Amino acid sequence: ATGISDIPACDFIVKTVNEKADVTILAIGPLTNIALALSKDPSIAKKAKLVLMGGHISRANPEWNIKCDPEAARIVFESKIPITMVGLDVTEKCQLSHEQIGLIKQTGNKRTDLLGDMIEKFLQQFNFMPTLHDPLALATMIWPELMEYENKTILIETRGEFTRGVTVDLVQNHNPNAKVAVTVNSDEFIDRFLKRIRT
């Protein structure tokens, strides 16, 4: 679907999934609207798939997208919707270099000119190189071969004083609820990303 909708996002998700075949939802922020959609119509969990940028499995710190609404994340992970999770474990390996930023800025099309300006503002404000978190999540839909995945049981901590929002990798994996990216060919991904935006 394209364009701007005048209905709430959760209703738009329910409507789209029920009207279209083979829907994959790409979530690059908190999972609030997806949880609301699943609560309104649990049957969409059997009709759609979900790719999300969020969480990580290698340390006990909450990732931002999950931390913003852990209750929503818990609803989503318990819903049985097929999930592909792309967490900080792999996205943090996809950081741009100064040389790659230079390639973007010297390309000379409207997209790369805008992106180059945005990167400059990012560098001035944060003083560290940008990481391709969300583009890597999208890449799982285009180039799934760039990552290796493991089926895992992911639980969301909603009550911990210090761990609220943590994605817990339940090592036993009795009932896996997510296909989780565990490695990435970062050089190949960044190369393909740069080629795509520079053409």
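Just so it is clear, none of the values below were taken in a lab; they were calculated from the coordinates. Keep in mind that what you see is a predicted model, and the values were worked out from it rather than measured. Neighbour counts run over all protein chains shown; Cβ positions are idealised from the backbone, glycine included.
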query: At Phe126 and Leu26, where each label point lies 7 Å from the Cα along Cα→Cβ, what is the point-to-point distance in nanometres?
result: 1.8 nm
message: Using the Karplus curve 6.51 cos²θ - 1.76 cosθ + 1.60 with θ = phi - 60°, what ³J(HN,Hα) values do you get for each residue of the stretch 139-145, in whole Hz, with x for Gly and Pro?
response: 4, 5, 7, 9, 10, x, 5
message: Taking θ = phi - 60°, what integer Hz values does the Karplus form 6.51 cos²θ - 1.76 cosθ + 1.60 yield along the stretch 39-55, in sequence order, with x for Gly and Pro?
response: 6, 6, 9, x, 5, 5, 5, 8, 10, 10, 10, 10, 10, 10, 9, x, x
field: Crossing angle, helix 186-198 versus the chain [Cα axis fit, 0-90 degrees, rounded to tens]
entry: 70 degrees
- request: Between the alpha-carbon centers of the stretch 61-95 and the stretch 102-156, tell me the distance in whole angstrom.
  value: 17 Å
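Could you sort out which of Lys40/Lys179; Lys40/Lys152; Lys20/Lys105; Lys49/Lys105; Lys47/Lys67; Lys46/Lys67 sit more than 32 Å apart by Cα distance in this structure? Intermediate values should be presented prior to the final figure.
Details: Lys40/Lys179 25 Å; Lys40/Lys152 26 Å; Lys20/Lys105 39 Å; Lys49/Lys105 35 Å; Lys47/Lys67 27 Å; Lys46/Lys67 26 Å.
Check vs 32 Å cut-off fails for Lys20/Lys105; Lys49/Lys105.
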Cα pair count fraction exceeding 15 Å, expressed as % - the stretch 134-186: 56 percent
field: the stretch 98-146: chymotrypsin sites (Phe, Trp or Tyr not before Pro) falling in loop per DSSP and having at most 16 other Cβ within 10 Å
entry: Phe128
query: If the viscosity is 0.692 mPa s and the temperature 37 °C, what translational diffusion coefficient in µm²/s does Stokes-Einstein give for the stretch 65-199 when Rh comes from Kirkwood over Cα pairs?
result: 197 µm²/s
Three principal axis lengths of the stretch 104-157 [C-alpha, angstrom, descending]: 43, 28, 13
query: If we count trypsin sites (Lys or Arg not before Pro) as exposed when they sit in a DSSP loop and have at most 11 other beta carbons within 10 Å, what is the longest stretch of the chain that avoids them all?
result: 60-158
